[in-house]
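Step one of this worksheet: look at the structure below.
The values are calculated or read from the model by the stated rules, or taken from the named source; none is laboratory data. What you see is a predicted model; the values in this text were computed from it and never measured. Cβ placement follows ideal geometry from the backbone for every residue including glycine, while neighbour counts extend to all protein chains displayed. Surface areas here come from the heavy atoms of the whole protein model, side chains and all, with no ligands, DNA or RNA. Shrake-Rupley method; radii C 1.70, N 1.55, O 1.52, S 1.80 Å.
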Amino acid sequence: MPEPVLRAERFEYRYPERPEPALRDLTLALEPGSFTVVAGESGSGKSTLLRAACGLVPHFHGGEAGGELEVGGLSVREHGSAELAAVCGTLFQDPETQVVMGGARAEIALPLEHRGMPEVAVARAVEETALELGIAHLLDRRTDTLSGGELQRVALAAALVTRPALLVLDEPTSQLDPVAGDELVWLLRRLNEESGTAVLLAEHRLERCLAAADRVLTLEAGRVTCDASPESFLAWADASAPALATPLARLFLRSGLRPPPASIKAARAGLRGAGLLPVAVGRAGGGREAAVAGGRSATHAGGLRRLGERLLPRGQRALQPALELRDVWHELRDGPAILRGVDLRVDPGERVALLGRNGAGKSTLLRHARGLVTPSRGRVERAGEVALLLQNPGDYLVHERADEEVDVDALRAAGLHGRGWANPRDLSGGERQRLALETVLCSPEGETAGGERPAVVLLDEPTRGMDRGHRDALVERLRSLADAGAAALVATHDTEFAAAFAERVVLMGKGIVIADGPAADVLAGGRHFTTDVARVLGGAAGALTPEAGAEILERELGSREGVA
């Protein structure tokens, strides 16, 4: 048997000043060429395991380690991240903190130059890696001009360029649009199969990666609670950890169908086997009425009123907009226009999801909406204070303790009650994201001088690193803000979140708005900018969420039983 690329024997780790271990009694082995997904709720120890695999734990974060963890035969207690980099490539949740060079080509070349490789070999390897990842067009760009998703792919290229024996990735698809996310997962699978690189990948959006995986490890409070194939993991999650079930697994389980599928292909096969594809929309009921999320229509009463008002000429609308962009352009002096004549109106109390491919201009639009940049042409009008949370939560966290960032109530809202002592840098990605959100909503930026809530809340990829439970809590938080009159505009690649949160979806192309309408109309029927439930059931059914899809399937099953 070949030696494991990673071996843990009763490994434990405790962060400085933290009372409980982040990892405990960890015993496992990863074989060369394996593809392993690490699952678990936010704070379960996933990121800590990945930090240990590349040597950041304990050498960078400090703390105490016990037991043994070896990567490529090197003990992480005796060898730091520089030595482990020879066998372990890494990509973390915040690529902004990994990229150190001013240009994309130089960033990808850096690991090879550190090894003293000949210049021609470096140039070849950079070109090949960029082509494999589909980022050859970014090689001559400055890294400070890249979008979050583009920067993530450049950081991934730097991790892959040395062809490491083990590739460790923490939420690698979190900043990628649906097409790029799917392509990345299957690229990893191809590299895994062709070059034998073992992949250890932590994800909350398991639906993106289970079909490519050989094995799933789940962590809870730092312990392994499940070690199984993707199919067996989903069956285990049904009984033991429902919050980890994927949307398609929830669709099947709520409809009384077994086994839960690990891929869209398996889901379609299961529905065909049950005689449920194609869905009989006429009997089951579909269209917009089926796009129910949490018992609320995507165009409930308030939304219908506001949607109707948007169809009126501007002078006839009863409401004054909370935010309006009029013919907004963002033109680079030595580059392309990032925004090209964007018109966008958001009314008080609206919940709007902003979708689009990487580099479409979503983050730039939010920066204009907040007033961080001035349009080259056009105008931005705001009805009051605007709160903005950008993609990197670390930019908002400046203290040594979480309770120095926000008050007790905000800590509770962030799911960190009783952990005010924690250093924000030691929190998981999802925990940092939630804490940063509270700093925005509770800071002078998030409140007017009179203590009022902002007129507009802008969030850029807020679900990055969030498990489903906290994502659902964020949906309710945004609904509460909207019910109180604040407009919420959220840029996201998470279509499941968009379906649950938004009554309206704005889809951007390359710097322009290409679709703007009710969530059920924009999301249903798509191939990529849609949910897995809509992909499987088809656009005609109109269902975006597992709950709405299960309602349709239950009606269909009931009608067939009645006929029988």
Could you give the length gained by full extension between GLU83 and SER480, i.e. 0.36 nm per residue of separation minus their alpha carbon distance, to one decimal place? 138.0 nm
Ordered by residue, what ³J(HN,Hα) values in Hz, to whole numbers, does region 387-404 give under the Karplus form 6.51 cos²θ - 1.76 cosθ + 1.60, where θ = phi - 60° and Gly and Pro are x? 9, 10, 10, 7, 5, 9, x, x, 5, 9, 10, 10, 9, 8, 10, 5, 6, 8
Note: ALA221 to ARG333 extended length (0.36 nm per residue) minus current alpha-carbon separation gives 35.3 nm
Work out, step by step, the length gained on full extension between GLN320 and ASP214: first 0.36 nm times the residue separation, then minus their alpha carbon distance; give nm to one decimal. 32.8 nm
Efficiency of FRET between PHE60 and ALA29 - r from beta-carbon atoms, R0 25 angstrom, step 0.05: 0.50
So, with +1 on the Cβ of K and R and -1 on the Cβ of D and E, and no other charges, what is the size of the charge dipole of region 119-268 about its Cα centre, to the nearest 20 debye? 520 debye
Going residue by residue through region 208-214, the Karplus relation 6.51 cos²θ - 1.76 cosθ + 1.60 with θ = phi - 60° gives ³J(HN,Hα) values, rounded to whole Hz and with x marking Gly or Pro, of 7, 10, 4, 5, 8, 8, 8
Just to check I understand the Karplus step: with θ = phi - 60° and J = 6.51 cos²θ - 1.76 cosθ + 1.60, what whole-Hz values come out for region 329-342, glycine and proline as x? 10, 10, 10, 7, 4, 10, x, x, 6, 7, 10, 10, x, 7
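For region 365-504, what is the charge dipole size about the Cα centre, in debye to the nearest 20, if Lys and Arg each add +1 at the Cβ and Asp and Glu each add -1 at the Cβ?
Once rounded to the nearest 20, the dipole reads 460 debye.
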As a test of the formula, what do you get for the chain when each DSSP H run with n ≥ 4 contributes -39,500 (n - 2.57) and the sum is divided by the residue count, at 222 nm and rounded to the nearest 500 deg cm²/dmol? -10500 deg cm²/dmol
How do 420-431, 96-107 rank on mean C-beta neighbours within 10 Å, highest first? 420-431, 96-107
Which order do you get for ASP516, ASP483, ASP182, ASP170 if you rank them by accessible area with a 1.4 Å probe, largest at the top? ASP483, ASP516, ASP182, ASP170
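Per residue, how much accessible area does the chain have with a 1.4 Å probe, in Å²?
Here the per-residue accessible area is 40 Å².
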What does the charge add up to near GLU68, with Lys and Arg as +1, Asp and Glu as -1, over the other residues with Cβ less than 15 Å from its Cβ? -3
Compute the signed sum of charges (Lys and Arg +1, Asp and Glu -1) over the other residues within less than 15 Å, Cβ to Cβ, of VAL100. -3
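For the chain, what relative contact order do you get, as a whole percent, if you take Cα pairs closer than 8 Å and at least 6 residues apart?
That works out to 16 percent.
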Note down the magnitude of the dipole of the chain about its Cα centre, charges +1 on Lys and Arg C-beta and -1 on Asp and Glu C-beta and zero elsewhere, to the nearest 20 debye. 1780 debye
Around ARG357, with a cut-off of 12 angstrom between Cβ atoms, what is the net charge of the other residues, counting Lys and Arg +1 and Asp and Glu -1? -1
Accessible area of the chain with a 1.4 Å probe: how many percent of it is carbon plus sulfur? 50 percent
Dividing the mean separation of Cα pairs under 8 Å (6+ apart) by the residue count of region 473-564 yields a relative contact order in percent of 17 percent
Sorted on mean Cβ neighbours within 10 Å (highest first), peptides 497-504, 88-95, 390-397 come out as 497-504, 88-95, 390-397
May I ask you to list the lysines whose Cα is less than 18 Å away from that of LYS510, ignoring any residue fewer than eight positions away on the same chain? LYS362
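Shape verdict for region 499-542, please, from the Cα gyration tensor: rounded (a/c under 1.5), prolate (a/b greater than b/c) or oblate.
prolate
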